[in-house]
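Have a look at the structure below, then the notes.
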Amino acid sequence: MGAFADQPSLFGPDPDEPLVKPTVRMPIEMRVLITVKAAPNPSQTYGETVCVAGIRLDTERPGWVRLYPINFRALEDDKQFRKYDVVRLRARPSATDPRPESFRPELGSAVSESHLSSWAKRRPLVLDLVNKSMCQVQQEARDGRPGQVASMAAIRPRTVLGLDLQPHPGWSPAEKKKIDAYVQQLALDEDGPRTPLQAPRFKGWYRYLCQSPDCRGHRQGLYDWEFVVLQRRLTGLDDAEAMVRLRRNFLEIMCAPDRDTVFYVGNQQKRMTSFIIGGVFYPPA
Ligand SMILES: [Zn+2]
């Protein structure tokens, strides 16, 4: 920077910077291409909540948005928040989450406008946001201030090394507490799910090298709705057989050499430098 530090930027906004989050908490009308539907989490109020994320199409340039919480009733209707739907909705900048991409949706306002059914239609929108390596994104999260650095990104791995699978240890004590509180109010609440959310059978982590030449490797948890849904369909199989099936889909197909694999990553609100994978984009290379 040096001599240029006092001059206004000649180059306009950096296309990789997160979109500026409004400070006024008025609802905003947005158009979002849904790219991520994360695995459900136990919630004291709703039984389960899900984080949905996508690409804003109504802004000057496309940028990431995180929509949370989305409760059980909205999920039950599979017509809402389908991956690669273009959805119009109202959302407010999250009051409790400083990350620039985080908004609280007004669920009743969401209307699906269209569905991008082919890789060809999705590809330009997603690949436009593949700009940084995982090492870079992590470095920026370490150096930056919450609320100003990107907490979401699309990462093209250089080499996928594997998908680690382990039996799920069950919900944490904090998660259990939420489930217990929800179960206690079940009798009073007719709208939520009738059974408490079961922990998935397995946890999964991708291991990969990113595009940074000096990358020493990443191991990031996989929290994709589809990963949990597929596990539920494998109840007739023993652990070893089920793991073969999970690896077939999430490793051998999605990360095949003839796919241009991209991971949708996001960090955790309480651990800015800790990123997880919300889903995989895998068009033909
Ligand atoms: Zn790396």
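Side notes on the structure shown:
- When each of 21/177; 83/178; 176/270 is checked by Cα-Cα distance, pairs over 21 Å: 21/177; 83/178
- Longest DSSP-loop-exposure-free segment, GluC sites (Glu not before Pro), the chain, at most 12 other Cβ within 10 Å: 61-189
- Of the residues 213, 196, 18, the one that moves most in a GNM of the chain with alpha-carbon contacts below 10 Å is 213.
No value in this document is a laboratory result; all are computed from the given coordinates. Because the structure is predicted, anything quoted here is derived from the model rather than measured. Neighbour counts run over all protein chains shown; Cβ positions are idealised from the backbone, glycine included.
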